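Just so it is clear, none of the values below were taken in a lab; they were calculated from the coordinates. No experiment lies behind these values; they were computed from the predicted model shown. Quick reminder, even Gly has a Cβ in these numbers, built from the backbone with ideal geometry, and neighbours come from all protein chains shown.
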Amino acid sequence: MKYRPVFLIPIFLLAELFASLPTCAAQAPDGTSVMKEMISAYYYPNNDAKSQIQMRIVNRQGQARQRRLTMLRLDKSDGGDQSYYVYFHEPADVQGMSFLVLKHRAREDDRWLYLPAIDLVKRIATSDKRTSFAGSDFTYEDVSGRDLDEDTHELVAEETLGEYSTIVVKSTPKHPGEVEFSTRKFWIDKATHLPIKVEHYDLKGTLYRVYEAREIQSINGTPTITKAVMKDLGNERFTEISIKAVSYDGGMTDHLFQERFLRRPPSQWIQ
């Protein structure tokens, strides 16, 4: 007597169904994964980068100050340790000033600032990383980024912001007593994973700083923010940045990112 395999087809279909479930779950975004993609796209594109940057700082009276600087960046690993070197060319009162950051995932960053007017290399304390960067409305932390694990990240919504389709994420510090903001709200472009807008809220929940990307270009296939503005709402001032030239994967090494180059910039990279 022959038995028909009546359970073969249902079991086969169920196996396919359950095999597909983990894949669907893995594809569902959460706040942390969206922020991780943003940090990778914004702070870690390619292995290294050289940028020529024009900075314009405008006060509430409409008076403007200019800064021209070169920024070098080298990644040890995607999302991991990094090195930054910033050199100021203009104007005369900041010419020769330089800034070095050795960014670490497992411990506090190392940061130094060279002030040529008094020929002093100053170590920047951890508590100073959210103070003004070179008199602008950007902080030192804005320049080199904030560690993903320092905050919790919550998906808020999906919104269209101008020409961009964005995911909105709310980030809240895990140790609120250590920072001057209560939350930050990010609008992240779905296509490029770059931050189109960031709102900063103080400890009372009042909006006090707003970052906006004004232009995104593809540089050798890498989406890059080439114009942006940071607004200080309380002081009624803002800082505009324009990237005049950027190049990726130029072959930088750790040799460039040493304290001794603060006084003597590497001529092959800083013109």
Problem set entry | Potential lengthening between His104 and Thr131 on full extension [0.36 nm per residue; Cα-Cα distance subtracted] | 7.8 nm
Exercise. If you put +1 on each Lys and Arg Cβ and -1 on each Asp and Glu Cβ, how big is the dipole of region 30-262 around its Cα centre, in Debye rounded to 20?
Worked result: 600 debye
Exercise. Under 5 Å between amide H atoms, partner at least 5 residues away or on a different chain: which partners does Thr152 have, H built in plane at 1.01 Å?
Worked result: Thr172, Lys174
Seminar exercise, completed: For the Glu141, Leu233 Cβ pair and Förster radius 25 Å, calculated FRET efficiency rounded to 0.05 is 0.85
Exercise. Label-point separation (nm) for Arg123 and Arg60, each offset 7 Å from Cα along Cα-to-Cβ?
Worked result: 3.8 nm
Exercise. In Å, what is the Rg of the alpha-carbon atoms in the chain, and how long is Dmax?
Worked result: 22.7, 100
Exercise. Hey, how many Å between the Cα centroid of region 129-200 and the Cα centroid of region 213-230?
Worked result: 17 Å
Exercise. If contacts are Cα pairs under 8 angstrom and at least 6 residues apart, what is the relative contact order of region 30-262 in percent?
Worked result: 21 percent
Exercise. R0 = 22 Å: FRET efficiency of Leu161 with Thr222, Cβ-based, nearest 0.05?
Worked result: 0.55
